[in-house]
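To keep things clear, I will list the structure first and then write my remarks on it.
What follows draws every value from the coordinates through simple rules; no lab data is involved. Because the structure is predicted, anything quoted here is derived from the model rather than measured. Note that each Cβ is placed from the backbone with ideal geometry, even for glycine, and that neighbours are counted across all protein chains shown.
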Amino acid sequence: MRKTIIAGNWKMYKTIKEAIELSNGLKRELFKLDTAAIDVVLCPPFTALSEVAEVVDETGIFVGGQDLYWLEEGAFTGEVSGKMLKESGCSFVIIGHSERRQFFGEANEGVNNKLKAALSCGLTPIVCVGERLDEREAGKTFDVLKSHVTGALSGLLAEDALKIVIAYEPVWAIGTGKTATPKQAQEAHKYIRDLLHKLYNQEVASEVRIQYGGSVKPDNIAELMRQPDVDGALVGGASLKVESFSEIVKKAAEVLK
Ligand code: 13P
């Protein structure tokens, strides 16, 4: 049984003060949440991690980073290590988001290094994969997913693959208001799950959680969650407001599998 996971990627939004406000609001809205049934993860910018972690301490809500560097420390100006994220209160870390790939030149090899670094310090990686519009239109969606997944997991043993979360985020659906249809999402998720089976075994394929991301809103979450291979969502824009994010979490919790 895969536990539902809803994560909010706050991207480069929210100052420390605003982040405290948002996480306090979510804490109030979600205090009745059955944390045995659903994982909720908040991923604020680095600067607000400790404060958000303090607000949600002992609520069962998790905190995650949006990226990390793969070495523990060193002369790497601007970078943050897994150990630093852990100490700031993180349990999760987003890796290989399409914005990192698009604007910061991140590629499969770096994603793979980051994933291994995250696992080695006990962080659960949320590995993002997904095709651009031109790739979908050229019929290359599955090729891109294969390259992203195999590249990210390269050299990883089954016992470690079991610990990761994958987020399928079609780039054309991010911040565009254009959600993948539940059928398109299911098709991609099923492809990823079958690929995990080929790369590893039945256990990895059936245990790894696959979130959908791309214009998730309160009014489309339920239908997405009803797809057999959709185990949650990675939410951008709608995670920046108490009302919309808490509604997404509540609606997802209603569709438990
Ligand atoms: P939106 O929900 O704003 O489309 O962003 C999705 C995303 O990139 C989450 O990581």
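Loop-only GluC sites (Glu not before Pro) in the range 60-128, please: DSSP not H, G, I, E or B, and at most 16 other Cβ atoms within 10 Å. Taking the range 60-128 and a limit of 16 other Cβ atoms within 10 Å, the loop GluC sites (Glu not before Pro) found are 72, 73, 79. Shown here are the Rg and Dmax of the Cα trace of the range 134-257, at 14.6, 41 Å. Computed over the chain, the per-residue total of -39500 (n - 2.57) for DSSP H runs of n ≥ 4 gives a 222 nm mean residue ellipticity of -12500 deg cm²/dmol, rounded to 500. Near the amide H of residue 95, within less than 5 Å, lie the amide hydrogens of 126, 127, 128, all on another chain or at least 5 residues away, with H placed in the peptide plane.
Counting only Cα atoms, the size of the range 1-98 along its three principal axes is 44, 36, 25 Å, in decreasing order. Applying a DSSP loop filter and a limit of 10 other Cβ atoms within 10 Å to the chymotrypsin sites (Phe, Trp or Tyr not before Pro) in the range 8-77 leaves 31. Multiplying the residue separation of residue 36 and residue 50 by 0.36 nm and subtracting their alpha-carbon distance yields 2.6 nm.
Amide H to amide H distances under 5 Å link residue 235 with 7, 8, 9, where only residues 5 or more positions off or on other chains count and H is placed in the peptide plane. Put simply, the range 32-144 fits an ellipsoid with semi-axes of 27, 20, 12 Å; these come from the alpha carbon gyration tensor as the roots of five times its eigenvalues, largest first. Compactness of the range 103-165 was expressed as the Cα radius of gyration divided by 2.2 N^0.38 Å, which yields 1.19.
Dimensions of the range 4-56 along the principal axes, based on C-alpha atoms and rounded to the nearest Å, stand at 30, 18, 14, largest first. Between residue 87 and residue 137, the simple label model (points 7 Å from Cα in the Cβ direction) yields a spacing of 4.8 nm. Restricting attention to the range 1-146, close to 0% of DSSP beta bridges with both partner residues there are antiparallel. Out of the trypsin sites (Lys or Arg not before Pro) in the range 1-59, which ones are loop residues according to DSSP with at most 12 other C-beta atoms within 10 Å? Sites meeting the loop and neighbour criteria: 32. When only alpha carbons are used to place a centre, the range 1-39 and the range 181-197 end up 26 Å from one another. Hydrophobic, long helices, defined as DSSP H runs whose alpha-carbon span along the helix axis is 15 Å or greater and whose mean Kyte-Doolittle value is at least -1.0, occur in the chain at 16-29, 108-120, 141-153, 242-254.
For the range 144-210, the share of alpha carbon pairs falling in successive 5 Å distance bins from zero is 3, 17, 28, 24, 14, 9, 5, 1 percent. In order along the range 95-103, the Karplus-derived 3J(HN,Hα) couplings, from 6.51 cos²θ - 1.76 cosθ + 1.60 at θ = phi - 60°, round to 10, x, 4, 4, 5, 5, 5, 6, 9 Hz, and Gly and Pro are given as x. Between residue 106 and 101, the built amide H atoms are under 5 Å apart, and every one of these is 5 or more places off in sequence or on another chain. The per residue volume of the convex hull around the alpha-carbon atoms of the chain is 115 Å³.
Direction-averaged projected area, Cα convex hull, the range 81-128: 3.0 nm², rounded to one decimal.
Assigning unit charges at the beta carbon (Lys, Arg +1; Asp, Glu -1) and nothing else, what dipole magnitude in debye, to the nearest 20, does the chain show about its Cα centre?
460
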